[in-house]
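Read through the structure below, which is laid out as structure tokens, and then see the notes.
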Amino acid sequence: MEHTSDTVADGKLLHKTSYPQRAEKNTEITLSAIYKGIELFGKIDFYDPTQKVVHETKRSDKVEMAHEWQVKFYLWLLLLNRIDGATATLEYPLLRQTNHLILSQEDISRLEKVIKDITELKKLDQCPPVIHAKICKSCSYYELCYITEE
Ligand code: SF4
């Protein structure tokens, strides 16, 4: 759903305008991997292949766990593609804050569990009820998840 998301487009623009020199040398990469027969896919907008660093910029004025798991998923995808030792920087220009992230074995176990849970969800005949979480409002999948809601 990313191609239809204003939030995603805004994030890219924010990175380009906040870090113009860095944006030039970073590369957009699309990654896929098969984990236990499950196809995983991700698109990293700004990746520095020389330093093996994923750069993600957020307009938010609040650090969210979801932001961290987004980049940890990218790091896992890189690892599944035999790119070992990559790290991530999560940048919040409004907060003037940069968080550096690595992928731990514990993180990998959590991601594996999440993928397993999503696979189980996909087997259901009916969608589970909507969760009415605050983060849904800024999620690329909002229209899809809330299509039957008023
Ligand atoms: S909109 Fe859907 S996919 Fe996005 S956070 Fe909410 S429940 Fe999850």
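Candidates are the residues of region 125-143 that are near the ligand (Cβ under 7 Å from one of its atoms) and of a type in the set (A, V, I, L, M, F, W, C); the one that is surrounded by the most Cβ atoms within 10 Å (Cβ to Cβ) is Cys139.
Please identify the pairs in which a residue from region 55-67 that is within 14 Å of Ala88 (Cβ to Cβ) has its Cβ atom under 8 Å from the Cβ atom of a residue that is outside any helix (DSSP H, G or I) and within 14 Å of the ligand (Cβ to nearest atom), counting only partners at least 6 apart or on another chain. Going by the 8 Å Cβ cut-off, the qualifying pairs are Lys58/Glu64.
Yes/no per residue for (1) assigned to a loop (DSSP other than H, G, I, E, B); (2) small (Gly, Ala, Ser):
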position: Thr98; (1), (2): no, no
position: Leu103; (1), (2): yes, no
position: Ile108; (1), (2): no, no
position: Lys113; (1), (2): no, no
position: Ile118; (1), (2): no, no
position: Leu124; (1), (2): yes, no
position: Ile131; (1), (2): yes, no
position: Lys137; (1), (2): no, no
position: Ser140; (1), (2): yes, yes
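Could you check region 18-59 and list, in sequence order, the residues that are among the hydroxyl-bearing types (Ser, Thr, Tyr), touching a helix residue (DSSP H, G or I) at 6+ places or on another chain (Cβ under 7 Å) and either crowded, with 16+ Cβ neighbours inside 10 Å or not in a strand (DSSP E or B) (or both)? Hit for region 18-59 is Thr57, nothing else. A single entry from Ile83, Ile115 fulfils the requirement of being within 16 Å of the ligand (Cβ to nearest atom), surrounded by 13 or more Cβ atoms within 10 Å (Cβ to Cβ) and within 30 Å of Pro49 (Cα to Cα): Ile115.
Readers should treat all values here as calculations from the given coordinates under stated rules, not as data from a laboratory. These figures come from a predicted structure and were not determined experimentally. Positions of Cβ are backbone-derived with ideal geometry, glycine not excepted, and every protein chain shown enters the neighbour counts.
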